[in-house]
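Below is one structure, written out as structure tokens, with a few remarks after it.
The values are calculated or read from the model by the stated rules, or taken from the named source; none is laboratory data. Source: prediction; values computed, not measured. Glycine also receives a Cβ, built like all others from the backbone with ideal geometry; neighbour counts cover every protein chain displayed. These accessible areas exclude ligands, DNA and RNA; they are computed on the full protein's heavy atoms, side chains included. Shrake-Rupley method; radii C 1.70, N 1.55, O 1.52, S 1.80 Å.
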Amino acid sequence: MKRCHLVTALAACLAATAPSLAGDTDPRQAEARTLVKRFVGTVKPLLASTIQERGPVAAIEICAEQAPALADQLSEETGWSVGRVSLKPRNAERAQPDAWEREQLERFAARAADGEPGPMLNHGEVVDGRYRYMQAQPVGGVCLVCHGESIEPAVAEAIRAYYPDDRATGYQLGEIRGAITLIAPAEHAGP
């Protein structure tokens, strides 16, 4: 029964990172949002089924190995650079924000602290001639299993095994733990 609650909470957590396509004014923004939905739409059911079948410790492998592989695959297929970043990265090699990403993450955190819903926290603009887009990843209930203040010993041990330099714990419900970040291919530079 506990796993069913985790799966339900995980679905809510990940669904919050999949923004609506309504109101897009820039076609690159619509394309970026579609890629975010594709990424989340692939990772979410994989995490949910893994948690349901094998528990949260097994789900860490999905985040450590399969989610980065999916981001790489989407990047290769589309020409967009697709990744995840955080002010408190779990994966020190892949999740360090650059200056622009850091600024957006700080803005997302401030907006969330002011009560703005996580799904609304996104931003796209042209930076140094390339279109960039970020979609916040707010902490949902199931996220606390691996990213919260109180983590079960078996989960903490698995996190240390995959991420010896982990800094992505201590979060509370609703905080912004990171973002999906995209950079359009050069041919999409536009105005």
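Taking Thr78 as meeting all but one of (1) within 14 Å of the chain's Cα centre (by Cα); (2) of a type in the set (Val, Ile, Thr); (3) modelled with pLDDT of 95 or more, write down the number of the exception.
Status for Thr78: all satisfied but (1).
Could you please let me know if Leu70 is assigned to a helix (DSSP H, G or I), touching a residue at least 12 places away in the same chain (Cβ under 8 Å), open to solvent by less than 20 Å² (accessible area, probe 1.4 Å) and in contact with a Phe, Trp or Tyr (Cβ under 8 Å, 6 or more places away or on another chain)? First the steps, then the outcome.
Details: assigned to a helix (DSSP H, G or I): yes; touching a residue at least 12 places away in the same chain (Cβ under 8 Å): yes; open to solvent by less than 20 Å² (accessible area, probe 1.4 Å): no; in contact with a Phe, Trp or Tyr (Cβ under 8 Å, 6 or more places away or on another chain): yes.
No; evaluated as a whole, the condition is false for this residue.
Residues checked against (1) at pLDDT below 95; (2) within 14 Å of the chain's Cα centre (by Cα); (3) open to solvent by 60 Å² or more (accessible area, probe 1.4 Å):
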site	(1), (2), (3)
Ala32	no, yes, no
Arg38	no, yes, yes
Gly41	yes, yes, no
Lys44	yes, yes, yes
Ala48	yes, no, no
Gln52	yes, no, yes
Gly55	yes, no, no
Ala64	yes, yes, no
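Please work out if Leu87 is within 25 Å of Pro27 (Cα to Cα) and among the aliphatic types (A, V, I, L, M).
Working: within 25 Å of Pro27 (Cα to Cα): no; among the aliphatic types (A, V, I, L, M): yes.
Judged against the criteria, Leu87 is not a match.
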